[in-house]
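The values are calculated or read from the model by the stated rules, or taken from the named source; none is laboratory data. Fair warning: this is a prediction, and the values are worked out from it, not measured in the lab. Using ideal geometry, Cβ is built from the backbone for each residue, glycine included, and neighbour counts are taken over all protein chains shown.
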Amino acid sequence: MSSPSVSVCIPTYQRPDTLMRALESVRSQSFSGPITCIVSENGQSRNTREVFEAAASSSPEIRWKLLQSREVSPPPENWLRALKEADSRWVKILWDDDWMESTFLETTVKAAERNDVSVVTVGATTFSTQGPQQVHYCGVPAITTREPGEILRLFAGLGVGLPVSPAAALLDRHFAVLALEASRKSGVCFERAMGPDLALILEGALAGKGLTHVPDPLVNMWMGQDSITVMSSKVDLRLCYDHAILMQARRHGVAVPRDVRRRLQHRAFVAVVRRNPMRSNLISVRPQFSQLATNFRDHLWRPLVCFARRR
């Protein structure tokens, strides 16, 4: 049986050197099916075009597309441009400073087809200028689940943890597009690309056919000083990811399990105290969920549960 086609979508912004490494990892894939590589640049750069054309000319067996926007938009809009250009069911979002192991597409597509799921997540290795830093999500056993409550637990950090970034995932394109379009409502979290990446995974897992986790370290993530993860406040990141969990649950009518609700409430409480210790009396350690939302709305952030704004 022939392999399905896959699109690798690479959003980029003024990173020709790391983009070159990402493109090389596309060219080195062992996957036997058709591959389309879509590079979507947030703006226009001659250097990006030169790197793209060099890769395209050396691997004519891959279908290549370069998108360049006239204006710089919020990063998730650039992700969405690339996804809408894809015409395959399966898509891999590859940030321009990350790169895949040669078996990434082969392994994840087989896992998706074999288990009939909409999302496949994998293990990852983080790198910095000092070399390999840490291997993530490889101690997690191979998992396949379609149960919404269990999926929310996995991404809320209860029990085993799964990747919150689609850098370590294969996605069903249909659900990925829906996730980003819905994430526009998350305001600052959307504009700063904190949370919509998790929504990309949760959409297919909750509204599609569930997910499979493959514990092999099949993707490499660069933790440079210009990385969103490094540059952003850890509190803001966590609150935006928790906000994405709540938004996705609400969108699909999924009841948030009690233990997940308590975990998110606790993290919100800690965030409030860290931001302003004088306001710690605004919420109790175990507030009602509705009261937590009210306190955040009235005293701290805009009217969304666990919504964060960088000051």
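Quick look at the values:
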{"quantity": "Positions within the stretch 47-97 being farther than 26 Å from Lys110 by Cβ and hydrophobic (A, V, I, L, M, F, W, C), in sequence order", "calculated": "Val51, Phe52, Ala54, Ala56, Leu66, Leu67, Val72, Leu80"}
{"quantity": "Residues of the stretch 184-199 that turn out to be modelled with pLDDT of 95 or more and over 8 Å from the mean Cα position of the chain (by Cα), as a count", "calculated": "0"}
{"quantity": "Members of the stretch 70-92 found to be of a type in the set (Val, Ile, Thr) and surrounded by 23 or more Cβ atoms within 10 Å (Cβ to Cβ), listed by number", "calculated": "Val91"}
{"quantity": "Condition check for Ser40: over 21 Å from Pro215 (Cα atoms) and under 21 Å from the mean Cα position of the chain (by Cα)", "calculated": "yes"}
{"quantity": "Whichever residue in the stretch 33-49 is more than 17 Å from Arg81 (Cβ to Cβ) and at pLDDT below 95 and, among such residues, is surrounded by the fewest Cβ atoms within 10 Å (Cβ to Cβ)", "calculated": "Arg46"}
{"quantity": "Long-range neighbours under 7 Å by Cβ, at least six apart or interchain, first residue of a type in the set (Asp, Glu) within the stretch 69-94, second surrounded by 20 or more Cβ atoms within 10 Å (Cβ to Cβ)", "calculated": "Glu85/Ile38"}
